[in-house]
Amino acid sequence: MKRIILAWFVLLWGAVICLAQEHAQHAADPSPHPAVPEHPVWVRPVIMVTAAMFVLALLVGLFVRATMPEEMPQTHAHDEHHGHKDPHGDMGLGGHDNHGHQAHH
């Protein structure tokens, strides 16, 4: 429990120190920062390429989903033991073989 409290204290102390440093940097830095240009040329092509990639991914996903083979339901063989009592009194421990013959000990 002491380790958890110590870890929380260290994390909280680190967060307070980081916030204090960030506030001090903004107050002490009056120099101009770079700004986003008013009419960037690259925005429209990047958005169009990104949208086209999403549309292509959607089409490929639909195609793959449509051409997948249908999953077969799991089969349950009658000779499998799943821990329940079978008609021969065995609790799934292998006391008889698949043909109903008793095992020889």
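Just so you know, all these numbers are worked out from the coordinates, no wet-lab data involved. Note that this is a predicted model, so its numbers are computed, not measured. Note that each Cβ is placed from the backbone with ideal geometry, even for glycine, and that neighbours are counted across all protein chains shown.
A simple spin-label model places pseudo-atoms 7 Å from Cα toward Cβ; at Val10 and Val55 they are separated by 5.2 nm. Sequence-ordered 3J(HN,Hα) estimates for region 46-62 from the Karplus curve with 6.51, -1.76 and 1.60 and θ = phi - 60° stand at 5, 5, 5, 5, 5, 5, 4, 5, 5, 5, 5, 5, 5, 5, 5, x, 5 Hz, glycine and proline given as x.
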